[in-house]
1. Check segment 179-197 and report whether any residue there is farther than 25 Å from GLY105 by Cα and either β-branched (Val, Ile, Thr) or modelled with pLDDT of 90 or more (or both).
2. What's the number of the only condition in (1) open to solvent by 20 Å² or more (accessible area, probe 1.4 Å); (2) under 26 Å from the mean Cα position of the chain (by Cα); (3) polar (S, T, N, Q) that GLN353 fails to meet?
3. What pairs come out if I take residues in segment 439-451 that are closer than 16 Å to GLY481 by Cβ and pair them with residues that are part of a loop (DSSP other than H, G, I, E, B) and open to solvent by 30 Å² or more (accessible area, probe 1.4 Å) whose C-beta lies under 8 Å away, six or more apart or interchain?
4. Considering (1) in contact with a Lys or Arg (Cβ under 7 Å, 6 or more places away or on another chain); (2) of a type in the set (D, E, K, R); (3) open to solvent by 10 Å² or more (accessible area, probe 1.4 Å), say which one ASP222 fails and leave the rest.
5. Quick check on my filter: what residues within segment 293-328 are of a type in the set (Gly, Ala, Ser) and either within 21 Å of GLN359 (Cβ to Cβ) or open to solvent by 20 Å² or more (accessible area, probe 1.4 Å) (or both)?
6. Take the residues in segment 402-420 that are surrounded by 15 or more Cβ atoms within 10 Å (Cβ to Cβ) and among the charged types (D, E, K, R); name whichever of them is farthest from ASP333 (Cα to Cα).
7. Please indicate, with yes or no, whether at least one residue in segment 128-150 is touching a Lys or Arg at 6+ places or on another chain (Cβ under 7 Å) and open to solvent by less than 40 Å² (accessible area, probe 1.4 Å).
8. Just name the residue that is nearest to VAL206 (Cα to Cα) out of those in segment 91-127 that are part of a loop (DSSP other than H, G, I, E, B) and touching a Lys or Arg at 6+ places or on another chain (Cβ under 7 Å).
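The values are calculated or read from the model by the stated rules, or taken from the named source; none is laboratory data. The structure presented is a predicted model; accordingly, all values stated were derived computationally and were not measured. Cβ placement follows ideal geometry from the backbone for every residue including glycine, while neighbour counts extend to all protein chains displayed. Just so you know, the surface numbers come from the protein's heavy atoms only, side chains and all, with ligands and any DNA or RNA stripped out. Shrake-Rupley method; radii C 1.70, N 1.55, O 1.52, S 1.80 Å.
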Amino acid sequence: METTLDRRNFLKGAIASGAVLVAGTALAGCAPGGSKDGAEGDTVVGSAPIEFAEETDVLIIGTGIAGLSAAMDPVEAGYNVMLADKRDTYGGESFMACGVMNVSGSEAQKRAGIEGNPEEKWEKYAPVLEKKGETDDMEYKKALYLYQTEWADRVEADYGAQFQPLDDYKDTGAPTSMLLPLHGIGDMTSVLTPLINGLKDKGATVELNRKATNFIVDADGDPIGVRFVDPKTDKITDVKAKKIVLATGGFSCNQVMVSEYMPQQAELCPLTVYSMGEGHELGRSIGGVYAHMDMESNRMSDLAQVTVWGYFGRNVQVTPMGRRFIKEDQSHDSPDAAAALGLGFWWTIFDHQLIEGSQAWNVEMNMNAHEDRLVGPCDTLDDLAAAMDVPADNLKATFAEYDGFVDAGEDAAFGKKLFLEKLEAPYYALKHFPFRYKTHGGLKIATDSQMVDSQGNPIANVYCCGSTTPDSGSDLSPNAGSGLVTGKAVVAALQSENA
């Protein structure tokens with residue numbers, strides 16, 4: 001009873017401010033009257049009357065990989081599913097991602113003769129989370145981790161998503177725990193386009209140019225819909241829904257939120273411009289609470305895809321003074337180290353092996369797209385140093401030391417394991433700048449992805465997945481697994497209510 005009253009008191013303030021709109025009779029005496037379906041509307045100053053123009057079983061806000069994955073089970077179970085996005089295109093920031101998906105035991109891997117067991121991989125990964133202190137709801141984390149494999153198999157078999165054949169890179173030394181889209185790094189069209197087209201073929205609807213602005217609650221304060229505004233025309237659309245999923249991404253582009261929760265990263269530029277934390281703020285407006293908001297966002301190069309090259313080919317990364325400063329076979333180490341060292345930028349130096357290797361499509365794309373910061377081909381290290389404007393003596397000393405590590409078979413400076421190989425002329429280099437990318441703070445949820453209040457009680461009808469949840473991982477596959485967990489929970493709840 002105390003928790004119920006606490007939430008009612010919370011909602012009174014939210015309703016009075018217009019953050020939450022009420023359809024139906026009064027909530028604890030503070031909301032205006034009206035019919036149950038909201039046709040008579042509300043009287044919050046400055047808010048248009050509620051009028052449900054559309055109705056659906058499942059409303060998913062956000063069409064990135066988490067939102068799309070959350071739609072799979074509900075639409076396959078025969079429920080009406082609507083996906084809404086504030087932009088005029090689907091896919092969110094997932095379309096811009098590197099496309100690395102860490103999966104174990106998928107059919108794509110088995111076809112290449114690579115065996116794996118997701119349960120065994122989880123047993124190795126769980127201690128890593130424990131060491132980092134990320135132990136909130138390990139049951140949920142295990143579920144989204146294990147579902148990554150199911151997700152990969154289903155999007156390929158049932159939706160026509162295409163992955164790069166592992167035969168392209170399995171014998172090169174690259175990690176075979178990584179799935180990539182068809183053409184390699186950055187080709188998310190090969191995965192997301194078949195997925196969304198398949199969802200539509202199965203009956204889902206996709207509505208673009210719809211920015212979620214308010215939850216709509218009933219007389220008991222339970223969410224029953226969402227108000228959307230078209231960013232281009234200001235048209236209002238109220239949608240009634242039995243279940244609502246927040247899949248709106250993180251908050252790395254919201255400077256106010258970053259400054260409040262991660263002030264140490266406030267001076268870094270965001271890699272994209274879309275992760276504004278709207279889902280976070282919507283969830284909090286109905287009593288949701290934040291967790292781990294001070295957990296640092298991933299740092300990334302503004303050439304994010306280039307930072308992943310080290311998994312698939314040889315390169316050497318150096319400071320503006322031409323000194324090597326990091327092992328090159330980890331995607332986040334270089335921007336993290338650049339920030340720690342106060343570097344304004346750094347360089348990736350590479351040669352023909354990457355240009356002609358398994359990720360040739362992406363390497364060529366980035367070389368063409370960033371000619372303004374590409375140098376090469378250079379036939380000597382002196383020429384390369386001049387083109388990069390770094391001290392030639394430093395660069396030559398760096399390569400002399402690096403080549404010595406290659407000859408010794410061990411990187412004594414930084415412990416690089418993958419592609420510890422000498423580079424050959426002609427040389428090329430691309431300049432990077434450190435940015436912030438994916439945030440990890442989010443709305444607290446129960447194990448089934450349902451959003452909870454400050455007392456840990458589930459908030460009716462509202463679920464979260466992907467980067468709106470805390471500790472949602474650093475690559476695409478945990479977000480996909482998170483969406484799958486949510487979709488299964490929504491189906492179970494709907495089936496229970498209809499039983």
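1. Here is the first cut: in segment 179-197, the residues farther than 25 Å from GLY105 by Cα are 197.
Right, trim to either β-branched (Val, Ile, Thr) or modelled with pLDDT of 90 or more (or both) and you get 197.
Within segment 179-197 (the criterion being farther than 25 Å from GLY105 by Cα and either β-branched (Val, Ile, Thr) or modelled with pLDDT of 90 or more (or both)), the answer is yes, since at least one residue qualifies.
2. Here GLN353 clears every test but (2).
3. From segment 439-451, the pairs are HIS440/HIS292; HIS440/MET295; HIS440/GLU296; GLY442/HIS292; ILE445/ASP137; THR447/ASP137.
4. (1) is the only condition that ASP222 fails.
5. The answer is SER301, ALA304, GLY310, GLY313.
6. Result: ASP411.
7. Yes, there is a match, as at least one residue in segment 128-150 is touching a Lys or Arg at 6+ places or on another chain (Cβ under 7 Å) and open to solvent by less than 40 Å² (accessible area, probe 1.4 Å).
8. The selected residue is SER104.
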